[in-house]
Amino acid sequence: MDPVTRLGVVGCGLMGSGIAEVATHSGIDVRVAEANRDAVETGRRRITASLERGVRRGKLSEQQRDQALTKLSFTHDLNDMADRQFVIEAVAENRDIKTDVLRTLDKALEDSAAILATNTSSIPIVDLAIATERPGQLIGMHFFNPVPVQQLVELIPALTTTPETVQRTRDFASQLGKQAIQAPDRSGFVVNALLVPYLLSAVRMAESGAAHPDDIDQGMELGCAHPMGPLRLLDLIGLDTAQAVAESMYEEFKEPLYAPPALLRRMVAAGHLGRKSGRGFHTYDA
Ligand code: CAA
């Protein structure tokens with residue numbers, strides 16, 4: 001099948017902006033939707049800042065940056081996605097919001113063969129698929145943070161997803177320069193099912209006072225060659241996102257190892273969300 005030339009990305013937070021940026025580097029025309037004008041401007045700044053950083057670090061030429069910017073357009077109206085061949089939803093990890101966005105996109109898309117992908121980390125794909133009129137063309141496409149760096153994409157077909165949709169999405173992942181693995185439609189898929197219990201164990205270790213957060217992180221960085229320790233990684237993911245993912249996994253399996261520890265909940269309640277709020281298990285410059 002022909003490569004995707006017109007992509008839509010809904011949500012321009014950490015994940016959506018990364019997905020949009022990566023797609024522009026593959027020469028794809030990308031339309032990004034956010035909820036309102038302010039959110040559009042924040043999203044635009046986020047992508048521009050990341051491209052500038054690429055230029056500063058010698059990864060992109062100024063010409064490549066400008067080329068990427070010409071491939072981007074922004075909207076706050078999901079109906080502007082009508083001509084897209086492929087749309088990736090990357091809004092907040094909330095079932096109602098995602099369902100709403102996907103239903104609206106489903107109605108807006110002109111091409112009945114267009115694919116809707118969701119970047120959910122933990123919501124069952126089939127629940128989102130059956131909420132639309134195109135359950136065969138809805139699939140999970142789970143990216144990792146930071147999207148420009150992490151090579152992996154998990155492809156998660158629902159029971160309703162057609163083999164053609166899976167193949168087209170796999171081809172599209174290669175078009176983006178990503179490596180795809182197929183994951184089951186169970187909360188946490190492959191990677192979070194293994195990662196989240198580990199991250200929550202680190203929170204419990206800090207919560208009990210058994211070890212200092214710096215020692216926990218250094219232990220895994222220096223002892224196991226992880227690029228960052230578990231608490232630093234939670235700060236990168238966002239403690240609110242991590243809590244939402246853990247809750248969803250707990251709801252599915254009712255296993256104590258997925259239950260968000262009280263410390264995680266209290267930190268989220270206090271607004272200590274990690275890097276994005278400047279403070280989590282560690283502190284960060286604005
Ligand atoms: N955009 C583009 N490039 C970036 C970047 C970003 N946001 N952040 C870092 N990079 C690049 C840098 O340019 C640099 O590239 P070069 O070496 O070629 O110059 C490289 O990544 C390393 O960056 P830094 O030197 O700034 O910092 P670092 O060495 O500490 O690496 C890191 C930062 C890439 C985040 C690394 O620590 C890492 O890979 N950490 C693990 C991240 C991880 O596990 N992510 C998965 C989270 S789980 C998830 O996302 C799923 C979910 O559902 C919760």
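Table: residues versus (1) assigned by TED's automatic domain parsing to the domain that holds residue 170; (2) hydroxyl-bearing (Ser, Thr, Tyr); (3) over 20 Å from the mean Cα position of the chain (by Cα); (4) surrounded by fewer than 17 Cβ atoms within 10 Å (Cβ to Cβ).
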{"site": "20", "(1), (2), (3), (4)": "yes, no, no, no"}
{"site": "33", "(1), (2), (3), (4)": "yes, no, no, no"}
{"site": "38", "(1), (2), (3), (4)": "yes, no, yes, yes"}
{"site": "71", "(1), (2), (3), (4)": "yes, no, yes, no"}
{"site": "75", "(1), (2), (3), (4)": "yes, yes, no, yes"}
{"site": "86", "(1), (2), (3), (4)": "yes, no, no, no"}
{"site": "93", "(1), (2), (3), (4)": "yes, no, no, no"}
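Can you confirm whether residue 284 is farther than 30 Å from residue 127 by Cα and out of contact with any strand residue (DSSP E or B) (no Cβ under 7 Å at 6 or more places or on another chain)?
In short, yes.
Where in the range 127-232 are the strands (runs of 3 or more DSSP E), entirely inside, with at least 2 residues that are at pLDDT 95 or above and buried (at least 22 other Cβ atoms within 10 Å of the Cβ)?
138-143, 152-157
Given the options 118, 104, 75, name the one that is more than 26 Å from residue 248 (Cβ to Cβ) and among the polar types (S, T, N, Q).
Going through 118, 104, 75 in turn, the sole match is 75.
Rundown of residues vs (1) touching a residue at least 60 places away in the same chain (Cβ under 8 Å); (2) within 10 Å of the ligand (Cβ to nearest atom); (3) aromatic (Phe, Trp, Tyr), yes/no style:
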residue	(1), (2), (3)
148	yes, yes, no
161	no, no, no
194	no, no, no
219	no, no, no
223	no, no, no
230	no, yes, no
240	no, no, no
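What residue, of 253, 189, is more than 18 Å from residue 272 (Cβ to Cβ) and touching a His at 6+ places or on another chain (Cβ under 7 Å)?
The conditions single out 189.
Is it true that residue 152 is within 17 Å of residue 117 (Cβ to Cβ), within 14 Å of the ligand (Cβ to nearest atom) and either in contact (Cβ under 8 Å) with a residue 24 or more places away in the chain or of a type in the set (Gly, Ala, Ser) (or both)?
yes
Name the residue that is modelled with the lowest pLDDT, counting only residues in the range 233-242 that are of a type outside the set (A, V, I, L, M, F, W, C) and assigned to a helix (DSSP H, G or I).
Filtering the range 233-242 for residues that are of a type outside the set (A, V, I, L, M, F, W, C) and assigned to a helix (DSSP H, G or I), the one modelled with the lowest pLDDT comes out as 241.
Residues 170, 186: which one is touching a residue at least 12 places away in the same chain (Cβ under 8 Å) and out of contact with any strand residue (DSSP E or B) (no Cβ under 6 Å at 6 or more places or on another chain)?
None of the other options fit; the residue is 186.
Checking the structure you have, find out if any residue of the range 78-92 is in contact (Cβ under 8 Å) with a residue 24 or more places away in the chain and over 26 Å from residue 157 (Cβ atoms).
Yes, the range 78-92 contains a residue that is in contact (Cβ under 8 Å) with a residue 24 or more places away in the chain and over 26 Å from residue 157 (Cβ atoms).
Please enumerate the residues belonging to the range 201-213 that are free of Cβ contacts under 8 Å to residues at least 60 places away in the same chain and within 20 Å of residue 275 (Cβ to Cβ).
Residues satisfying the conditions are 202, 212.
Of the residues in the range 95-127, how many are charged (D, E, K, R) and within 14 Å of the chain's Cα centre (by Cα)?
1
Any residue in the range 110-138 that is more than 13 Å from residue 160 (Cβ to Cβ) sitting within a Cβ distance under 7 Å of a residue that is among the aromatic types (Phe, Trp, Tyr) and within 16 Å of the ligand (Cβ to nearest atom)? List the pairs, counting only those 6 or more apart or interchain.
If the second residue must be among the aromatic types (Phe, Trp, Tyr) and within 16 Å of the ligand (Cβ to nearest atom), the pairs left are 119/143.
Can you tell me which residues in the range 243-272 are within 22 Å of the chain's Cα centre (by Cα), without any contact (Cβ under 8 Å) to a residue 60 or more places away in the chain and outside any helix (DSSP H, G or I)?
Listed by number, the residues that qualify are 259, 271, 272.
When you scan the range 107-129, do you find a residue that is of a type in the set (A, V, I, L, M) and in contact with a Phe, Trp or Tyr (Cβ under 6 Å, 6 or more places away or on another chain), even just one?
yes
The values are calculated or read from the model by the stated rules, or taken from the named source; none is laboratory data. All of these numbers come straight from a predicted model, not from anything done at the bench. Positions of Cβ are backbone-derived with ideal geometry, glycine not excepted, and every protein chain shown enters the neighbour counts.
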